[in-house]
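Engineer: Structure in structure tokens, see below.
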Amino acid sequence: MCEKAVIYIIKNNHQNNSYRNICQSFLHYAKMNGIKIDKDLEMVKDSYGKPSFVYYPKIHFSISHSGDCWACVFFKEKIGLDIEKEKKIDHLKLAKRFFHPDEAAIVHDSDSFFRLWTLKESYAKYIGKGIDENFSSISILPNHKKNITGHQDLSWNKNGVFFYSLILEKGYFLSVCSSREMELEILIKKDER
């Protein structure tokens, strides 16, 4: 049986109070998983800017925001997440600049670009480095993956890293990766403020 990772998505998040969103989501996640909260939710950032809880180091999370959506995933293992709202860009030019040649070769449209971008960025967050000069030298595609288009959810394992790619709704792409196979639960709420 797979462990469950919980993804929290807040729509219409115009105030973008990430700390408040993380804490509220974490409290919900803790309650769902029987985690006793008896200390402050103090956070620190590592040298690459990745946040973590000082007093709950075994709970890993990753955050992202794009458009009017904010997203955060919690898991018991190291994890990375990225969400992107589709926008008009020169996806072929960006693919050649930021993607491994094998990845750039399968980018044919905006959907394939944003799927691959969120997969790569979730991997960069998973390894804790973010986008750097090595971003284009690493391919996250398994050998058999020749096509990442379509609207179905995708998942695969490459060298012990599990990748998941979802299209939430028209124009929003979300990817998650971790060292462990997982079941994803997505909780969406609208920010009514």
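Engineer: Rolling a 1.4 Å sphere over the protein heavy atoms, what is the accessible area per residue of region 1-139, to the nearest Å²? Walk me through the intermediate numbers first.
Structural biologist: Working: 7220 Å² over 139 residues.
Averaged over the residues of region 1-139, the accessible area is 52 Å².
Engineer: With all protein chains present, how much of the accessible area of the chain (probe radius 1.4 Å) comes from carbon and sulfur, to the nearest whole percent? All intermediate terms of the calculation are to be shown ahead of the outcome.
Structural biologist: Numbers: 5110 of 10240 Å².
Carbon-and-sulfur percentage of accessible area, whole number: 50.
Engineer: Can you tell me how much longer the chain between Arg97 and Asn33 gets when fully stretched, taken as 0.36 nm per residue apart minus their C-alpha distance, in nm with one decimal?
Structural biologist: Details: separation 64, 0.36 × 64 = 23.04 nm, distance 4.17 nm.
My answer for the length gained is 18.9 nm.
Engineer: Now for a separate question. Using the Cα atoms as the points, what is the convex hull volume per residue of region 75-142 in Å³?
Structural biologist: Working: hull volume 6.0 nm³, N = 68.
So the per-residue Cα hull volume is 89 Å³.
Engineer: About its Cα centre, how strong a charge dipole does the chain have in debye, to the nearest 20, once Lys and Arg get +1 and Asp and Glu get -1 at the Cβ?
Structural biologist: On the way: 29 positive and 25 negative charges, 31 e Å.
Charge dipole of the chain: 140 debye, to the nearest 20.
Engineer: Can you tell me what percent of all Cα-Cα pairs in the chain are more than 23 Å apart? Provide the component values of the computation, followed by the final result.
Structural biologist: On the way: 7739 of 18528 pairs.
Of all Cα-Cα pairs in the chain, 42 percent lie more than 23 Å apart.
The values are calculated or read from the model by the stated rules, or taken from the named source; none is laboratory data. It should be emphasised that the depicted structure is a prediction, and the values quoted were computed from it without experimental measurement. Methodologically, a virtual Cβ is constructed for each residue, glycine included, from the backbone with ideal geometry; neighbour enumeration extends over all protein chains shown. All accessible areas refer to the heavy atoms of the entire protein, side chains included, with ligands and DNA or RNA removed. Shrake-Rupley method; radii C 1.70, N 1.55, O 1.52, S 1.80 Å.
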